[in-house]
1. Between L59, L42, which is modelled with pLDDT of 85 or more, among the hydrophobic types (A, V, I, L, M, F, W, C) and closer than 17 Å to L12 by Cα?
2. For residues that are open to solvent by less than 80 Å² (accessible area, probe 1.4 Å) and modelled with pLDDT of 85 or more, scanning just region 71-86, find the one that is nearest to L16 (Cα to Cα).
Amino acid sequence: MSETPDHLPRDLTVYLIARFALVAVVAWVLLLVGVPLLVALLIGLVVGLPLGLLLFRRLNQRVTAGLAKRNESRARARAQLRAQLRGDAAGSDADHHAA
C-alpha cells in the first residue's frame, strides 16, 4: 500500500517537474544547434511531453493510481453523504460493513 493518496501531491509535483524539465532539455539542445527560442520551445513541447510519458512511465502509473484511489474515496464519501441525506444512513453502514 505504498501508493496512498498521501503521496499523491509529492508524486504529482515530481512528475510535472520531470516532464517540464524534459521539455527544457529538448529546447536547450535545439538552442545549442541554433534553432530560435520560440521554435525550440514549441518543438520541445511537441517532443518532450509525449517522450515524458515513455520515460517516466512508472511515475505516471503512481500518479494515476493515486488519483484513482482519491477519486474512489471521494465517491464513497459522496455516496455515504447521499445516504445520510436520504435518511438511510444506518442501512448503508450495515451494508458497507457486510461487504
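The values are calculated or read from the model by the stated rules, or taken from the named source; none is laboratory data. No experiment lies behind these values; they were computed from the predicted model shown. Accessible surface areas use protein heavy atoms only, side chains included; no ligands, DNA or RNA. Shrake-Rupley method; radii C 1.70, N 1.55, O 1.52, S 1.80 Å.
1. Residue meeting the stated conditions: L59.
2. Going residue by residue through region 71-86, those that are open to solvent by less than 80 Å² (accessible area, probe 1.4 Å) are 73, 75, 77, 79, 83.
In the following step, the residues that additionally are modelled with pLDDT of 85 or more were identified as 75, 77, 79, 83.
Values: A75: 26, A77: 28, A79: 32, A83: 37 Å.
Among them, the one singled out is A75.
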